[in-house]
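The values are calculated or read from the model by the stated rules, or taken from the named source; none is laboratory data. In this text, all values refer to a predicted model and were calculated from it rather than measured experimentally. Don't worry about glycine lacking a Cβ; one is built from the backbone with ideal geometry, like all the others, and counts go over all protein chains shown. Ligands, DNA and RNA are excluded from the accessible area calculation, which covers all protein heavy atoms including side chains. Shrake-Rupley method; radii C 1.70, N 1.55, O 1.52, S 1.80 Å.
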Amino acid sequence: MTNTANHGESVELNNPLEEFQETLKEAISYLNYPKEVFEFLKKPMRFLEVIKMDDGTTQIFQGYRAQHNDATGPTKGGIRFHPDVTAEEVKALAGWMSLKCGITDLPYGGAKGGIVCEPRNMSLSELQRLSRGYVRAVSQIVGPTKDIPAPDMYTNSQIMAWMLDEYDHIREFDSPGFITGKPLVLGGSEGRETATSKGVLYTIQLVSEIKNIPITGMRVIIQGFGNVGSYLAEYLHELGAKVVGVSDALGALYDPQGLDIPYLMENRDSFGVVTTLYNDTISNQELLEKECDILIPAAIGGVITRENAERLQCQIVIEAANGPTSKEAIQILDKKGIMVVPDILANSGGVIVSYFEWCQNNQGYYWPAALVDERLKEKMTESFLNIVHTADKFGTNLKVAAYIQGIRKIVEASRLRGWFEF
């Protein structure tokens, strides 16, 4: 996927919405759907931009909420606080969430939200005012039967609690199903905080069987040591894998003999920063190109591109982050024989357990952690095997197969509603 510059140079796209649309178009071509399907799915059905949230001082923040498609049910998706949030990114993330829900057979469409801010430089009181202001701005288009938010990058259960409280004050009744990823005492689910990491872990276990790479002794690099990356490192370490590299926003650590994961878990800060504990660090980019069995980008999007894909020294890439690998990079990795397990499958554990939380809120009956993990593993296993089967059937890589699998449910629901005629 390229754009052509004035001098005939091939320029790789770095717009996440265009990346989403290009792979969507390719997947639709395998299904023989009319061109109207692509036009309908390429952008969110609704997109709200808000700019009237203040932190109690003088700064004004820009926020977004995108709802991609609600043919199968209410929309669902996280809210991220990050200085690099853009409208195009939020729209792409909402589309990816629709596909995740289709892949995992959840009764949701996709949504996403974000606020352009630097939460690492904000006090708790500033974060609370910002969180409440966001809910006031989007309150007319969200709700337990409309659009259910959840945590994402640099948001957590405390922020979800503030948002829940603000929504309850606006609606004047208790509505725990409005938001997921809440603290347990406010109706959260056992296993939600670690759900994405557990989902990635179950994916790794399935891949290890297919590729015949035992987890014991497996060399793993995890780019990103936030909520997803840190818990994943801990689980893999406990199973006997050798986590040889991790990174945070400031740099990366690499040791071919394996890092001391328990020490890093104990000493990381609230944003997952661990490189400040050491003098001998490398860059995130250098870490990606180190030798390992499995490379797991678990931080931000767009880190594996055509510029560095040829230099990767892994057997498998598992996308724990959203959109970390460009379409051109995947084509290069395909030629190198490197399997890429796509984000919309690998990191779907979060939305699966968010669905479990929503079900528990609606029922008023809460499940033990063992039951949550059991049902999560069932969902991840079924979804993985379906995508492998689809890839074999259509002769595609796992990324395109995942799109094919995710699109089908959305299109069928839209057709039955009368939105399409074919």
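Ranking of R417, R306, R65 by solvent-accessible surface, largest first: R417, R306, R65 (1.4 Å probe, protein heavy atoms only, all chains present).
Heavy atoms of the protein chains alone define the surface here; on that basis the chain has 42 Å² accessible area per residue at 1.4 Å probe size. In the chain, helices alone account for a calculated mean residue ellipticity at 222 nm of -14000 deg cm²/dmol, with every DSSP H run of four or more residues adding -39,500 (n - 2.57).
The stretch between D168 and Q205 holds 9.2 nm of extra length on full extension. This uses 0.36 nm per residue minus the Cα-Cα distance. Rolled with a 1.4 Å probe across the full set of protein chains, the surface gives L277 an accessible area near 70 Å².
Dipole of the chain computed with +1 at Lys/Arg Cβ and -1 at Asp/Glu Cβ about the Cα centre; of I159, I300, W367, farthest Cα towards the positive end is W367.
What FRET efficiency comes out for the pair R311/D105, r = Cβ-Cβ distance, R0 = 45 Å, nearest 0.05? So the FRET efficiency works out to roughly 0.75. Ranked by solvent-accessible area (1.4 Å probe, protein heavy atoms only, all chains present), the residues F20, F47 order from largest to smallest as F47, F20. Local charge for F225 was computed over the other residues whose Cβ lies under 9 Å away, with Lys and Arg +1 and Asp and Glu -1, and equals 0.
A simple spin-label model places pseudo-atoms 7 Å from Cα toward Cβ; at Q363 and I141 they are separated by 3.2 nm. In the complete set of protein chains, residue-level accessible area for M339 is approximately 40 Å², probe 1.4 angstrom. Dividing the mean sequence gap of close Cα pairs (under 8 Å, 6+ apart) by how many residues the stretch 108-231 holds gives a relative contact order of 19 percent.
Of D373, D392, D248, the residue with the largest accessible area leads and the full order is D392, D373, D248 (1.4 Å probe).
To put it simply, the accessible area of the chain at a 1.4 Å probe is 47 percent carbon and sulfur. In a shell of Cβ-Cβ distance under 14 Å around L287, excluding L287 itself, what net charge do Lys and Arg (+1) and Asp and Glu (-1) give? That works out to -3. A straight chain from N267 to T86 at 0.36 nm per residue would run longer than the Cα-Cα distance by 62.0 nm. Springs between Cα atoms under 10 Å define the GNM used for the chain, and in it the highest mean-square fluctuation of S270, S383, S197 occurs at S270.
Accessible surface of Y30, taken over heavy atoms with a 1.4 Å probe and every protein chain present, rounds to 80 Å².
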